[in-house]
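S.K.: Sharing a structure below in structure tokens format, with a few things to ask.
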Amino acid sequence: MLLTGAEIVVQCLQRENVKYVFGYPGGAVLHIYDAFFQQDEIRHVLVRHEQAAVHAADGYARASGEVGVALVTSGPGATNAVTGIATAYCDSIPVVILSGQVPTAMIGQDAFQEVDTVGITRPCVKHNFLVKDVAELADTLKKAFHIARTGRPGPVLVDIPKDVSAAKCEFRYPETVSMRSYNPVVKGHQGQIRKAVKALREAKRPILYAGGGVILADAADELTALARRVGAPVTTTLMALGAYPASDRQFLGMPGMHGTYEANLALHHADVVLSVGARFDDRVIGSPEHFASEPRTIIHIDIDPSSISKRVKADLPIVGDVRHVLADFLRILDEEGVTAPSEALAPWWERIEQWRARRCLAYEQPAEGPIKPQYVIETLWKVTKGDAIVTSDVGQHQMWAAQYYRFDHPRRWLNSGGLGTMGVGLPYAMGARFARPDAPVVCVTGEASIQMCIQELSTCKQFRLPLKIVNLNNGYLGMVRQWQQLFHGGRYSESYMDSLPDFAALARAYGHVGIRVDRPADLQPALERAFSEHANELVFLDVRIDPRENVYPMIQGGKGLTEMILSADDL
Amino acid sequence: MRHLISVLIENESGALSRVAGLFSARGYNIESLTVAPTEDPSLSRMTIITNGSDETVEQITKQLNKLIETVKVVDLSEAPHLERELMLLKVRATGKDREEMKRMADIFRARIVDVTDTTYVIELTGNQGKLDAFIQAIDPALILETVRSGVCGIGRGERVLRV
């Protein structure tokens, strides 16, 4: 049967089991929207800005593990999507973005709403395609999904000119993909894995350092089993919170710039570091030279060879899917009869417990007077029983959420770790809610970040998404203010935002519930009401927090893991 | 250190810009880059000359491999290999210079491939050093134009780069 390009797009998405498409119509995608109108298998979610379309698709992918799909028009539709695409790229999230393009005959003529979408997005996609012939459309879409979800995942953009979506051809969706140039490794090298297991068993001071790759590979169970088996401490990066239960004794918290005292010192002083799907990012180890000053054996498991020995030289590189590789670790330990942790780690744990005794995340919430942001997150954790999907934007509130909401399960913590994109929180929460319609979804944000995609409150109304937004409102670009206080002589250049809206009233204007919280005593009741009385509504909690509060511990950019500032007294 | 990297890549539009974009985005040097289809027209072969520490070059080869359209990457300079570059020079060839230019071309085993009353076009093939030496050997005032292809490289003996 002959189908139009637009009908082929819809057919391909159905074959890929796509349930939601997040998008915004426009001239170049009218044929595709027409085809969507005439089917009801895939639900289209109309956002209010294309950036949010990609963020929502990205959030959907993070929460579900499936490929997220966004659809935007040519020109400004595509350029608005770029921030979303780059955000997904930096965190290796599988997203397929379909963009309209001007008709092929007009490409290069500066046509209305024409940009070189493939050129603009090239550095921030895993791959992209311009489809010039309708006969190539189905194959290209098949490849796009395959590339997005396999290997190190990432966004793939398919640019579809308007005449291609109108043209007809015979539809046949390929069953499989075969590309001679793209065959990602899955199994790790067995010899290397055996060496790694040996190094881990012989270690006096081992640490498991897990990154976002563990979440992406759905390897939390294997990581947890390995940690329990060898008895080593575990630190998970910002991208891997939930990959290991935060309530477990072996968990040291997050490492890095705002990591815990015990995680940073353990990572620095370990004699064997098993890096699993992590990449020794600058926000994790700070200065590579400082990190290299301590002798240690680094085992680095990653599906992407270019992540290995990029910033820190690996002694034992293992290229492969971390879930497969960790399963091999466990199998080898079985073969070797290792069932319980070695007693030899006792001195190492003694040292760690001494570091832990510093209680670097301790804070005090005065009964009267300013609400402490840490208290907000801990109360949220209590009220949601630690079981919500939490999204965040970027800044102080993001770090507090990461430090004080103890994630016990993967895919519950959604944030922009790599690109650090303000504005992701609300669209991530939307995507997460579509992925997990049964789960409580909370967006922890700040008064600055939320305004970068606040128009999506309208989308939330249209689709009746009962999200809970916790706005940590301190009137400042908090993290910028913190850096200015600590490193720029207290010159608060443009970090104070005057003329903020009344957020509770704004939420009500969009048709939601808006509640302002000023006193510590009102916080827990307000949160409880949000999840009981207003369970089926979106609730915007505008929480006025102490504007002077800073995120600690902190390592200044470019410094080493042992150079932590634990409180204002350290300055 | 100077490295000569050969890449087999799908002959798709945009493949060259992916490679060029990779080098500029990550701050790697490109001294020269040549590309043309192979005997299999669906595949292109690139030769890239780059400079960098061993760690940088290792990252370059990994990043090149990571491109979806890349089929194979080899650092040819790790083992015995041949390098060739083609140069065309247009020179002023009048009076006594005409004979001198012919003589120099012979010495360098170059060929004169275009002749007018006043000019020669000289074709010279060799490694980069030989081409540089020829330019230095002739009177710079006589050079009207030069064009160089960039370096092509191939491994010696049984070392074969193919799919």
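The values are calculated or read from the model by the stated rules, or taken from the named source; none is laboratory data. What you are looking at is a predicted structure, and each value in this text was computed from that prediction instead of being measured. Because the Cβ atoms are built from the backbone with ideal geometry, glycine has one as well, and the counts that use them run over all protein chains shown.
S.K.: Looking at (1) touching a helix residue (DSSP H, G or I) at 6+ places or on another chain (Cβ under 6 Å); (2) within 18 Å of residue A:448 (Cβ to Cβ), which is the one condition that is false for residue A:523?
M.R.: Checking residue A:523 against (1) touching a helix residue (DSSP H, G or I) at 6+ places or on another chain (Cβ under 6 Å); (2) within 18 Å of residue A:448 (Cβ to Cβ), the one that fails is (2).
S.K.: Here is a follow-up. Out of the residues in the range B:1-13 meeting the condition of being more than 12 Å from residue B:36 (Cα to Cα) and out of contact with any Gly (no Cβ under 8 Å at 6 or more places or on another chain), tell me which one is nearest to the other protein chains (Cβ to nearest Cβ).
M.R.: Here the residue is B:13.
S.K.: Can you pull out the residues in the range A:95-120 that are within 12 Å of another protein chain (Cβ to nearest Cβ) and of a type in the set (D, E, K, R)?
M.R.: Residue satisfying the conditions is A:116 alone.
S.K.: Can you list the helices (runs of 4 or more DSSP H) found entirely within the range A:176-269 that contain at least 2 residues being under 30 Å from residue A:138 (Cα atoms) and within 17 Å of the chain's Cα centre (by Cα)?
M.R.: A:212-216
S.K.: When you go through B:84, B:26 one by one, which is the residue that is away from chain A (no Cβ under 13 Å), surrounded by fewer than 20 Cβ atoms within 10 Å (Cβ to Cβ) and either under 19 Å from the mean Cα position of the chain (by Cα) or not hydroxyl-bearing (Ser, Thr, Tyr) (or both)?
M.R.: Every option except B:84 fails the conditions.
S.K.: Could you please find all residues in the range B:46-75 being more than 7 Å from chain A (Cβ to nearest Cβ) and touching a residue at least 60 places away in the same chain (Cβ under 8 Å)?
M.R.: B:47, B:49, B:72, B:73, B:74, B:75
S.K.: Would you confirm whether or not the range A:279-296 contains a residue that is at pLDDT 95 or above, among the hydroxyl-bearing types (Ser, Thr, Tyr), under 24 Å from the mean Cα position of the chain (by Cα) and outside the structural domain of residue A:394 (by TED's automatic domain parsing)?
M.R.: For the range A:279-296, residues at pLDDT 95 or above, among the hydroxyl-bearing types (Ser, Thr, Tyr), under 24 Å from the mean Cα position of the chain (by Cα) and outside the structural domain of residue A:394 (by TED's automatic domain parsing): absent.
S.K.: Turning to a different aspect of this structure: Looking at the range B:48-75, which of its residues are buried (at least 21 other Cβ atoms within 10 Å of the Cβ), out of contact with any Phe, Trp or Tyr (no Cβ under 7 Å at 6 or more places or on another chain) and over 24 Å from residue A:128 (Cα atoms)?
M.R.: Answer for the range B:48-75, where residues must be buried (at least 21 other Cβ atoms within 10 Å of the Cβ), out of contact with any Phe, Trp or Tyr (no Cβ under 7 Å at 6 or more places or on another chain) and over 24 Å from residue A:128 (Cα atoms): just B:49.
S.K.: Would you confirm whether or not the range A:554-563 contains a residue that is assigned to a strand (DSSP E or B), touching an Asp or Glu at 6+ places or on another chain (Cβ under 7 Å) and crowded, with 18+ Cβ neighbours inside 10 Å?
M.R.: Yes, the range A:554-563 has at least one match.
S.K.: Further, regarding this structure: Within the group A:454, A:469, which residue is of a type in the set (Val, Ile, Thr), assigned to a loop (DSSP other than H, G, I, E, B) and touching a helix residue (DSSP H, G or I) at 6+ places or on another chain (Cβ under 8 Å)?
M.R.: Of the residues listed, the single one that is of a type in the set (Val, Ile, Thr), assigned to a loop (DSSP other than H, G, I, E, B) and touching a helix residue (DSSP H, G or I) at 6+ places or on another chain (Cβ under 8 Å) is A:454.
S.K.: Counting just the residues of the range A:160-172 that are in contact with a Pro (Cβ under 6 Å, 6 or more places away or on another chain) and assigned to a helix (DSSP H, G or I), which one comes out surrounded by the most Cβ atoms within 10 Å (Cβ to Cβ)?
M.R.: Just the residues of the range A:160-172 that are in contact with a Pro (Cβ under 6 Å, 6 or more places away or on another chain), to begin with: A:161-163.
Applying the additional criterion that residues be assigned to a helix (DSSP H, G or I) yields A:162-163.
Numbers: A:162: 23, A:163: 17.
My answer is A:162.
S.K.: Consider only pairs whose beta carbons are under 6 Å apart and that are at least six residues apart or on different chains; among these, list those whose first residue lies in the range A:204-225 and is within 16 Å of residue A:329 (Cα to Cα) and whose second residue is among the basic types (Lys, Arg) and in a helix (DSSP H, G or I).
M.R.: A:217/A:323; A:219/A:323; A:222/A:323
S.K.: Criterion first (touching a residue at least 24 places away in the same chain (Cβ under 8 Å) and within 13 Å of chain B (Cβ to nearest Cβ)) does residue A:157 satisfy it?
M.R.: yes
Matching residues to (1) among the hydrophobic types (A, V, I, L, M, F, W, C); (2) closer than 19 Å to residue A:310 by Cβ:
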residue	(1), (2)
B:7	yes, no
B:29	no, yes
B:86	yes, no
B:98	no, no
B:101	yes, no
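S.K.: A further question follows. I'd like to check something: does the range A:121-132 contain any residue that is more than 18 Å from residue B:18 (Cα to Cα) and more than 12 Å from every other protein chain (Cβ to nearest Cβ)?
M.R.: Checked against the condition, which is being more than 18 Å from residue B:18 (Cα to Cα) and more than 12 Å from every other protein chain (Cβ to nearest Cβ), the range A:121-132 yields no hits at all.
S.K.: Sort through A:276, A:322, A:272, A:338 and tell me the only one that's over 21 Å from the mean Cα position of the chain (by Cα), modelled with pLDDT of 95 or more and β-branched (Val, Ile, Thr).
M.R.: Residue meeting the stated conditions: A:272.
S.K.: Something else now. Starting from the range A:285-305, keep only residues that are within 14 Å of chain B (Cβ to nearest Cβ) and under 17 Å from residue A:235 (Cβ atoms), then list their pairs with residues that are hydroxyl-bearing (Ser, Thr, Tyr) and buried (at least 18 other Cβ atoms within 10 Å of the Cβ) whose Cβ atoms are within a distance under 9 Å, requiring at least 6 positions of separation or different chains.
M.R.: Close Cβ pairs satisfying both conditions: A:300/A:275; A:300/A:307; A:300/A:309; A:302/A:275.
S.K.: Quick test for you: out of A:137, A:157, pick the one residue that is more than 24 Å from residue A:433 (Cβ to Cβ), of a type outside the set (Asp, Glu) and not in a strand (DSSP E or B).
M.R.: On the way: A:157 fails: not in a strand (DSSP E or B).
From the options A:137, A:157, the qualifying one is A:137.
S.K.: If you scan the range A:519-539, which residues turn out to be without any contact (Cβ under 8 Å) to a residue 24 or more places away in the chain, acidic (Asp, Glu) and over 23 Å from residue A:458 (Cα atoms)?
M.R.: A:522
S.K.: For the structure I just gave you, tell me whether residue A:92 is within 14 Å of another protein chain (Cβ to nearest Cβ) and closer than 28 Å to residue A:411 by Cα.
M.R.: So residue A:92 fits the description; yes.
S.K.: If you don't mind, another one. List, please: which pairs have Cβ atoms under 6 Å, are six or more places apart or on different chains, and start with a residue in the range A:355-380 that is free of Cβ contacts under 8 Å to residues at least 24 places away in the same chain and not assigned by TED's automatic domain parsing to the domain that holds residue A:531 and end with one that is crowded, with 18+ Cβ neighbours inside 10 Å and part of a helix (DSSP H, G or I)?
M.R.: Final answer for the pair search is A:363/A:374.
S.K.: Going by the conditions given, is residue B:124 buried (at least 16 other Cβ atoms within 10 Å of the Cβ) and out of contact with any Phe, Trp or Tyr (no Cβ under 8 Å at 6 or more places or on another chain)?
M.R.: So residue B:124 fails the test.
S.K.: Ok, one more. So residue A:175 passes all but one of these: (1) surrounded by fewer than 23 Cβ atoms within 10 Å (Cβ to Cβ); (2) within 11 Å of chain B (Cβ to nearest Cβ). Which condition number does it fail?
M.R.: Evaluating residue A:175 over (1) surrounded by fewer than 23 Cβ atoms within 10 Å (Cβ to Cβ); (2) within 11 Å of chain B (Cβ to nearest Cβ) leaves (2) as the failure.
S.K.: I've got another one for you. Mind listing whichever residues of the range A:416-426 are under 12 Å from the mean Cα position of the chain (by Cα) and not aliphatic (A, V, I, L, M)?
M.R.: Restricting attention to the range A:416-426, the residues satisfying the condition of being under 12 Å from the mean Cα position of the chain (by Cα) are A:416-421, A:424-425.
A:416, A:417, A:418, A:420, A:421, A:425 - these are the residues of the range A:416-426 that are under 12 Å from the mean Cα position of the chain (by Cα) and not aliphatic (A, V, I, L, M).
S.K.: Sticking with this one: Quick one: would you say residue A:475 is surrounded by 13 or more Cβ atoms within 10 Å (Cβ to Cβ) and at positive phi?
M.R.: yes
S.K.: Spot the failing condition for residue A:358; the list is (1) of a type outside the set (Phe, Trp, Tyr); (2) away from chain B (no Cβ under 14 Å); (3) part of a loop (DSSP other than H, G, I, E, B); (4) farther than 20 Å from residue A:269 by Cα, and only one is missed.
M.R.: If we test residue A:358 against (1) of a type outside the set (Phe, Trp, Tyr); (2) away from chain B (no Cβ under 14 Å); (3) part of a loop (DSSP other than H, G, I, E, B); (4) farther than 20 Å from residue A:269 by Cα, just (4) comes out false.
S.K.: Further question on the same structure: Going by the conditions given, is residue A:429 touching a strand residue (DSSP E or B) at 6+ places or on another chain (Cβ under 6 Å), assigned by TED's automatic domain parsing to the domain that holds residue A:464 and surrounded by fewer than 24 Cβ atoms within 10 Å (Cβ to Cβ)?
M.R.: No, not satisfied.
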